[in-house]
Amino acid sequence: MFYQTHLTSRLMLGTAQYPSPAVLQDAIAASGAQVITVSLRREGADGGAFRDIIAQCGCRVLPNTAGCHTAREAITTAHMARELFGTTWIKLEVIGHADTLQPDPFALVEAARALCADGFEVFPYTTEDLIVGEKLIEAGCKVLMPWGAPIGSGQGLRNRDALRTMRAHFRDVPLVIDAGLGAPSQAAAAMEMGFDAVLLNTAVAKARDPIAMAAAFGQAVTAGRMAFDAGLMPRRDMAVASTPIFGMAELA
Amino acid sequence: MRIDLNGKPLTTRATTLTQLLAELDLDAASVATALEGVFVPRSRRDQTRLTAGAKVEVLTPMEGG
């Protein structure tokens, strides 16, 4: 499904901003996620507890290049992550704008091309732009991760029609809604639209009870995917009575 | 010799990346290194010489979204 890796859970969970390492650990378990995102930062902070959580949770690790603003920074970070985490997976983020944290599509494609050629399996954080998506596929990406909304904003699927178009256009490419989801209902909506997975962090980490929220998102993702597989009824403009008219009494 | 380690000045006697990590008492397997913004793989830390003013980054796993 994702670079020949089959996952039974369609929820990927970020590991930042939890109230404590213990809550993070329980939230990962409660979510059912099989992929967690991680980052690289300067040595000095206490990373020991976090390393233990990574090792114990049994999840596949997806390192990110969060905070990088140029292709060069992102490429260097990816190489450091590959060595440190022992994986060729990389969540490629090249940020273009400080307020929206919107990806810089030009630097993103440039970095993706270099990394794919170097044997990385790239998960690019992108917009819903179809041409950028095409360029990323040409660069060697086999997954695309369009944003739902700006990172950490909790706005949900801000450009639903464009995301629907993207889903239809990249029929055979795994698509992951990454960033901007604030509520389980939004995650379920993404899954109902046929997206392959969702990736989120803040909505769980900043919930009053992150462990319960992790479970809620896990169930929403499962329900949404089940609904997609079951086939949603078509939307209609007018009412269509569901109870049969045949056999109705004449009481007027 | 003074170098720049993770954005802070540091006086060190180390002349290679391997020596620097040892001097800092860091587990060589749990960090990743870069010199002047270029990744230095574990296997090349021995041969990677430090000069005065060198900009070194030593990174470790951290939480991320």
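Residues of region B:37-65 that are under 10 Å from the mean Cα position of the chain (by Cα) and assigned to a loop (DSSP other than H, G, I, E, B): B:R45, B:T48, B:L50, B:A54. Restricting region A:157-176 to residues that are aliphatic (A, V, I, L, M) and part of a helix (DSSP H, G or I) leaves a set whose member that is surrounded by the fewest Cβ atoms within 10 Å (Cβ to Cβ) is A:A168. When the residues of region A:12-22 are filtered to those that are of a type outside the set (S, T, Y) and surrounded by fewer than 17 Cβ atoms within 10 Å (Cβ to Cβ), the one that is nearest to the other protein chains (Cβ to nearest Cβ) is A:Q17.
Figure legend. Inter-residue proximity from region A:71-98: first residues among the polar types (S, T, N, Q), second residues in a helix (DSSP H, G or I), beta-carbon distance below 8 Å, spacing 6+ or different chains. Indicated pairs: A:T87/A:A81; A:T88/A:R82. Starting from residues that are within 27 Å of A:G48 (Cβ to Cβ) and among the charged types (D, E, K, R), keep the ones in region B:29-58 and report whichever is farthest from the other protein chains (Cβ to nearest Cβ). It comes out as B:D46.
When region A:87-139 is filtered for residues that are part of a loop (DSSP other than H, G, I, E, B) and either in contact with a strand residue (DSSP E or B) (Cβ under 7 Å, 6 or more places away or on another chain) or surrounded by 22 or more Cβ atoms within 10 Å (Cβ to Cβ) (or both), the ones remaining, listed by number, are A:T87, A:T88, A:E93, A:V94, A:G96, A:L101, A:D104, A:F120, A:T127, A:E128. Just the residues that are in contact with a Cys (Cβ under 7 Å, 6 or more places away or on another chain), within 26 Å of B:D27 (Cα to Cα) and in a helix (DSSP H, G or I), please, taken from region A:23-55. Across region A:23-55, the qualifying residue is only A:Q25.
Selection within region A:23-47: residues that are over 16 Å from A:F123 (Cα atoms) and facing chain B (nearest Cβ under 9 Å). The member of this set that is farthest from the chain's Cα centre (by Cα) is A:G44. Return yes or no: is B:T18 among the polar types (S, T, N, Q) and either assigned to a loop (DSSP other than H, G, I, E, B) or facing another protein chain (nearest Cβ under 9 Å) (or both)? So B:T18 fails the test. Of the candidates A:G140, A:G182, A:G152, the single residue that is in contact with a helix residue (DSSP H, G or I) (Cβ under 6 Å, 6 or more places away or on another chain), farther than 22 Å from A:S9 by Cβ and within 14 Å of chain B (Cβ to nearest Cβ) is A:G152.
Is one or more of the residues making up region A:3-11 out of contact with any helix residue (DSSP H, G or I) (no Cβ under 6 Å at 6 or more places or on another chain), surrounded by fewer than 24 Cβ atoms within 10 Å (Cβ to Cβ) and either more than 30 Å from A:A189 (Cβ to Cβ) or at the interface with chain B (Cβ under 9 Å from one of its Cβ atoms) (or both)? No.
Where a number appears in this text, it was derived from the coordinates with a stated rule and is not lab data. All values reported here derive from a predicted model rather than from experimental measurement. Cβ sites come from the backbone with ideal geometry, for glycine too, and all protein chains shown count toward neighbours.
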